[in-house]
Amino acid sequence: MVEKERTEVSEAEVAVHWGEEEYYYPPMEFIAQANFTDPTIFDRFSEEHFPECFKEFADMLDWYQYWHTTLDTSNPPFWKWFVGGKLNACYNCVDRHLEANRNKAAFIFVPEPEDEDHSVITYQELYVRVNEMAAVLQSLGLKTGDRVTIHMPMVVELPITMLACARLGIIHSVVFAGFSGQACADRIEDSGSHILVTIDAYYRSGKLLDHKVKADQAVQAAKEMGQEVEKVLVWRRYPGEYHSEAPMVEGRDVFVDDLLKAHRGARVEPVHMPAEAPLFLMYTSGTTGRPKGQQHSTGGYMAYVTWTSWAVQDIHPEDVYWCMADIGWITGHSYIVYGPLSLAATSVIYEGVPTYPDAGRPWRISEQLGVNIFHTSPTAIRMLRKADPDGPKNYPNVQFKHMTTVGEPIEPEVWRWYYHTVGKDKAVIVDTWWQTETGGFLCTTIPAIHAMKPGSAGPALPGIYATVLDDEGNEIPPGAGRAGNIVIRNPWPGITQGIWGNPERFIQTYYAKYNRDPNSKDWRDWPYFAGDAAVQAADGYFRILGRVDDVINVAGHRLGTKEIESAVLTVEEVAEAAVVPRADELKGTVPEVYASLKPGIEPSPEIEQKIVKAVETIISKIARPKNVYLVPDLPKTRSGKIMRRVLAAISNGKDPGDVTTLANPEIVKQIHEMVKARHQAEK
Ligand code: PRX
């Protein structure tokens with residue numbers, strides 16, 4: 001039997017020690033203006049009304065043609081929503097707002113350098129720019145169903161490129177700009193893209209970073225994997241100027257601002273897309289090295305993000321909404337681009353880091369632009385709190401009505417700081433739990449309906465039948481005080497359609513664990529396994545504890561331990577490597593590397609540095625290990641399996657437990673001593 005391995009240390013034990021937190025109630029002023037205040041929705045979305053209830057979500061969109069089948073379950077777990085329906089995501093985000101909101105700001109772009117003015121792009125301007133970009137894509141021979149990889153930072157040209165793709169039914173695959181050229185290449189290869197869209201440079205922490213250089217690395221690495229990139233489209237941070245050391249490759253690289261000149265004034269009809277046509281791919285780290293391309297649909301996804309942006313984010317057209325997430329992740333796709341634009345929102349896109357040049361930056365931006373909805377991650381909140389515990393206290397004009405926390409568990413203490421100091425006791429908070437795979441929020445309070453509870457995401461949204469199961473598939477009742485795996489018992493419109501090109505892996509990862517009958521066509525037999533541990537309180541609120549698989553959540557960025565291990569193994573001196581999560585005060589968790597070296601090679605700080613560098617260049621600086629331990633051997637079972645759980649315990653200063661059954665128990669003691677010494681030195 002394969003030994004079951006978990007890098008997380010017994011979540012269930014942790015859970016039982018937690019006390020209940022007190023409720024916080026939404027202010028009356030918030031409720032009075034809220035988009036959604038109707039608690040009867042939970043009746044309308046009860047199981048007996050499933051799946052037809054989701055018409056309420058889809059009706060928020062403009063359809064060219066209505067669907068004939070709300071949910072097609074003929075090929076589980078590959079669900080199809082709103083089958084027969086036709087729509088265009090770009091039309092819903094742009095064209096349909098022109099009549100009433102042509103002159104309204106869609107995006108306000110805030111450059112990182114504080115002396116550079118922000119710029120406003122209205123819905124009319126967005127319409128013009130998206131059409132012209134769509135004409136550019138068309139002129140390159142791209143058509144419906146093709147994939148385009150976009151490796152871009154937080155600039156408006158990113159959503160413009162995405163929307164131009166969506167207009168034509170081209171499937172975009174956006175890669176987070178912080179990822180390396182190699183990581184980008186993996187995604188180019190997997191998606192089969194022939195076109196890469198990038199930018200010359202962008203600002204981060206006060207520096208104009210050369211980004212085009214990564215495109216060259218990506219194209220080269222993709223080529224080595226057998227995927228030819230024919231064209232690299234290069235936006236310029238300052239049109240007409242070029243800020244990269246990388247030369248433009250003749251015949252392959254083109255400046256987008258040059259191409260656009262030939263298409264000035266072009267108008268491109270939105271393609272009428274079937275509801276179940278893929279809108280985009282978004283890659284996630286997985287339990288094995290290879291990233292998984294989550295494929296999101298047009299109709300179901302758009303319906304889901306539109307309704308949740310409206311009911312949970314409470315975005316009204318007159319609000320100023322700022323989500324600090326990066327568009328290169330799912331949060332940015334769903335809650336900067338597709339959801340908010342579908343509602344004709346005005347969104348802030350900020351180029352840089354929140355603490356540049358100091359932790360007052362978010363408050364100055366909010367004051368100046370009148371931001372009233374603020375959306376960020378626990379890591380950003382912890383960083384802002386640490387840098388300046390006063391938060392926006394001295395910015396009297398900062399007044400949020402609504403704040404979001406997303407991406408990691410938030411400690412109740414940090415939540416309270418967010419509530420009292422950032423929200424000034426006047427803003428509601430939603431702690432939204434969801435994943436790349438889920439398209440949109442799953443568990444959260446609905447802000448005008450539910451009380452908030454620090455550290456808990458909240459109940460499941462209408463139409464989401466969430467529960468906690470133990471490893472055997474038994475339900476752990478609410479209030480039992482025991483943790484288990486959170487699952488969603490039913491399909492919902494926002495769920496991923498599958499893993500691009502890998503249906504088997506999709507079933508294995510999310511359904512194999514709890515599927516009751518692989519031949520069943522009944523959705524009730526296919527609970528979705530999210531890969532998170534959770535505990536459900538008696539009031540039905542879920543508290544998310546973290547991943548149960550080999551995924552490390554670093555500052556809200558999802559990284560696979562296996563991916564990091566593969567990077568470590570590229571260092572020629574390394575024989576074996578294990579990567580484990582270590583709790584971190586600011587970032588939630590950070591990776592630590594344990595590596596053994598090839599025979600005859602002595603550990604040295606140089607090798608440690610080589611490992612750090614390999615991780616940074618192959619994956620990203622965000623994956624940088626906190627410590628690299630060069631050890632004589634890794635703890636192993638008798639069958640030779642590396643015991644990451646033991647290493648994780650040691651990294652976190654915990655007792656590694658009984659190790660006597662290991663093949664090499666003596667090594668645990670040695671490693672333990674080594675790590676203790678390093679921890680001492682850290683203090
Ligand atoms: O472990 C959960 C954590 O982030 C994972 C999903 O990461 P990703 O696909 O990158 O999507 C991030 C944006 C939703 C989850 O499996 N996570 C997400 N939201 C929360 C959370 N953990 C605790 N509380 C949350 N609100």
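Per-structure values
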| read-out | value |
| --- | --- |
| Any hit, region 203-216, residues being among the hydrophobic types (A, V, I, L, M, F, W, C), over 19 Å from Trp329 (Cβ atoms) and either open to solvent by less than 10 Å² (accessible area, probe 1.4 Å) or part of a strand (DSSP E or B) (or both) | yes |
| Failed item, numbered, when Asp539 is tested on (1) modelled with pLDDT of 95 or more; (2) over 30 Å from Pro447 (Cα atoms) | (2) |
| Number of the exception - Ser173 against (1) in contact with a His (Cβ under 9 Å, 6 or more places away or on another chain); (2) outside any loop (DSSP other than H, G, I, E, B); (3) among the hydroxyl-bearing types (Ser, Thr, Tyr) | (1) |
| Residue pairs meeting the criteria (Cβ under 6 Å; at least 6 apart or on separate chains; first assigned to a helix (DSSP H, G or I), in region 613-641; second open to solvent by 40 Å² or more (accessible area, probe 1.4 Å)) | Ala614/Thr570; Glu616/Arg624; Ile618/Gln182 |
| Options Met302, Met324: the member that is under 27 Å from Asn553 (Cα atoms) and either at pLDDT below 95 or more than 13 Å from the ligand (Cβ to nearest atom) (or both) | Met302 |
| Spans of helices (runs of 4 or more DSSP H) in region 328-403 with at least 1 residues more than 18 Å from Ser205 (Cα to Cα) and within 16 Å of the ligand (Cβ to nearest atom) | 339-342, 378-387 |
| Single residue of region 410-431 satisfying the filter (in contact (Cβ under 8 Å) with a residue 60 or more places away in the chain and touching a Pro at 6+ places or on another chain (Cβ under 7 Å)) that is most open to solvent (accessible area, probe 1.4 Å) | Lys426 |
| From Ala460, Ala448, residue being at pLDDT 95 or above, among the aliphatic types (A, V, I, L, M), out of contact with any His (no Cβ under 6 Å at 6 or more places or on another chain) and within 15 Å of the ligand (Cβ to nearest atom) | Ala460 |
| Criterion: farther than 24 Å from Ile410 by Cα and among the polar types (S, T, N, Q) - qualifying residue of Asn485, Asn490 | Asn490 |
| Number of the condition not met by Asp388 [criteria: (1) more than 25 Å from Val312 (Cα to Cα); (2) under 21 Å from the mean Cα position of the chain (by Cα); (3) of a type in the set (D, E, K, R)] | (2) |
| Selected residue (criterion: least open to solvent (accessible area, probe 1.4 Å)) from residues of region 446-487 that are over 15 Å from Gly540 (Cβ atoms) and more than 25 Å from the chain's Cα centre (by Cα) | Ala448 |
| Given (1) part of a helix (DSSP H, G or I); (2) in contact with a helix residue (DSSP H, G or I) (Cβ under 6 Å, 6 or more places away or on another chain), number of the condition Gly440 does not satisfy | (1) |
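The values are calculated or read from the model by the stated rules, or taken from the named source; none is laboratory data. This is a predicted model, so every value here is computed, not measured. Reconstructed Cβ throughout: ideal geometry from the backbone, glycine too, with neighbour counts over all protein chains shown. Ligands, DNA and RNA are excluded from the accessible area calculation, which covers all protein heavy atoms including side chains. Shrake-Rupley method; radii C 1.70, N 1.55, O 1.52, S 1.80 Å.
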